[in-house]
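Have a look at the structure below, then the notes.
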Amino acid sequence: GLVERSGAAPAAAAPPAPVRLAGGTLTPFTVPLTVPQTLRPVLRTATTDYYSVTMHRRRLEILPGTRTEVYTYNGDLPGPTIRATSGRRVVVRQRNRLGMPTAVHLHGGATAPGDDGSGTATIPPGGERVYTYPNQQPHATLWMHDHTHHMEAEHLYRGLSSLYLLSDRTEAALPLPRGQFDVPLVLRDAHLDADAQLVWNMDDADNRTTLLVNGRPWPRFEVQARRYRFRLVNSSNLRFFLLQFADAAEITVIGSDGGLLEAPVTVPYVLLSPGERVEVVVDFSRYQPGTSVVLHNLMGPGPFEQVGSVMRFDVVPARGGGPQLGAAEAAYPAGAADADRTAHRRAAHGRVRHRAPGVHRRKVFDPARIDTTIAWGSTEEWTVTNGNVFMPHNFHMHLVQFRVLGRGDGPPDPTESGLKDTVVVWPGQPVRLRATFDTWRGVYPYHCHMVDHSAMGMMARMKIV
Ligand code: C2O
Ligand code: CU
């Protein structure tokens, strides 16, 4: 597995010390969590939802009483959420008022090459571009972020990311917490200077010690004593999150990058490398109202150092209304979510080609080079290795959702049993993946999603022909 699970000791619940920041102090868990707004379409037709987004700089309050300049989609950090439905097209007009070239990528989307945002075609300063997302794919928690060649790391760091929640009939039919009980938690870190301004230095992991959830530093979130669905997204450039409740309470993982798992998996902690999504259900009815429970990052605040705090949940009594509290949601039907996709894949494909891509070898990205060519319609198994002896990396493919077949000599972690587009690659532990290339033809990148690494060249390109 990814991490040794047996005998995991509950993390010592260190009392949260006020953090010295921007010439003042911030007591963790005093800033309320906010949830990104849902973006309203400017037009809806029988087949398509049209959206309009403007990228611009804004000075936002991140630390109380200060203003931090960030790059935004429509003025928000993270940007507003697009809610899409499989089979309905989304068209987004992106206007660039940032004064520098940008490009927008839908991470996890099966998008035509010209709309993938990952080529060298950018939106010039003052210009605009229309991206079309066909949504011919199953439900998943996707996200959008900047992908400007060589600039993606800085642009993402400065704020250019937002959620894209794709639903379908399968997902909508499941008795999962909905509405205010379905909460995205976008996790990231930042390096803020004494004036509360973002400091951008490539590969600066050690200094990015301010943790933000939905753009709020170490927030608190009032939860009713009932079940919640959390969509965890790691939008950090480099930081890994190994999340555990202070009381080591169990977490039910229901989904990964590409949608809901075939069956829920109960774990004591959850790992997210940059770019990954994990969906969980947490049952707060196990706590007395008045209880507070802190979520820790066992890999923070310094990378791979001591236990750090992420946020705090303050439990209040459950109020009536909606499907909640127990039985219905507990009956999460095994197999409902994943089965149709598996069947489709099996029917369509026979041939499997094996290859070991060079992305994690010492070969620097060249946007003029095609690193590998894939026949359209084929299914391939890739073995991804991390040649570093110390540093974990991860591996992200555009266009496809893949299956993790194994890690080293063992099986994948149960939490990565569903569809994935980004996967952790530990030193010395090759990861085997299987993907089918039966949607778009064209050129797409695959890369390490520790985006400081990809911006420095840890990226390659595949061509589907
Ligand atoms: Cu989320 Cu090529 O990236
Ligand atoms: Cu890397």
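Just subtract the alpha-carbon distance of Val35 and Arg441 from 0.36 nm times their residue separation and send over the number in nm, one decimal.
Value of the extension gain: 142.5 nm.
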Worksheet item: Which order results if Phe230, Phe390, Phe221 are arranged by neighbouring Cβ count within 10 Å, fewest first?
Response: Phe390, Phe221, Phe230
Discussion item. Whole angstrom only: what separates the Cα centroid of the stretch 31-74 from the Cα centroid of the stretch 213-268?
Written reply: 22 Å
Worksheet item: Along the charge dipole of the stretch 351-464, which of Thr415, Pro430, Val451 sits closest to the positive end, that is, farthest toward it, with unit charges on the beta carbon of Lys, Arg, Asp and Glu (+1, +1, -1, -1)?
Response: Pro430
Worksheet item: Say each of Ala248 and Trp376 gets a label point 7 Å from the Cα, pointing the same way as Cα to Cβ; how far apart are those two points in nm?
Response: 5.4 nm
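How much length would be gained if the chain were fully extended between Ala112 and His56, taking 0.36 nm per residue of separation minus their Cα-Cα distance, in nm to one decimal? Each step should come with its number before you reach the end.
Numbers: separation 56, 0.36 × 56 = 20.16 nm, distance 2.59 nm.
Contour length minus Cα-Cα distance gives 17.6 nm.
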Worksheet entry | the stretch 100-257 - percent relative contact order, Cα under 8 Å, separation 6 or more | 20 percent
Worksheet, complete the sentence: Among beta bridges assigned by DSSP with both residues in the stretch 43-173, the antiparallel ones amount in percent, to the nearest 5, to 65 percent
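Sort Thr48, Thr25, Thr141 so the one with the fewest other Cβ atoms within 10 Å of its own Cβ comes first.
The fewest-first ordering by Cβ neighbours comes to Thr25, Thr48, Thr141.
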Fill in: Label-point gap, in nm, between Ala46 and Met391 - each point 7 angstrom along Cα→Cβ
5.4 nm
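Every number here is computed from the coordinates shown, using simple stated rules; none is lab data. Because the structure is a prediction, the values reported are computed rather than measured. Here Cβ is always computed from backbone atoms with ideal geometry, including for glycine, and neighbour counts include all displayed protein chains.
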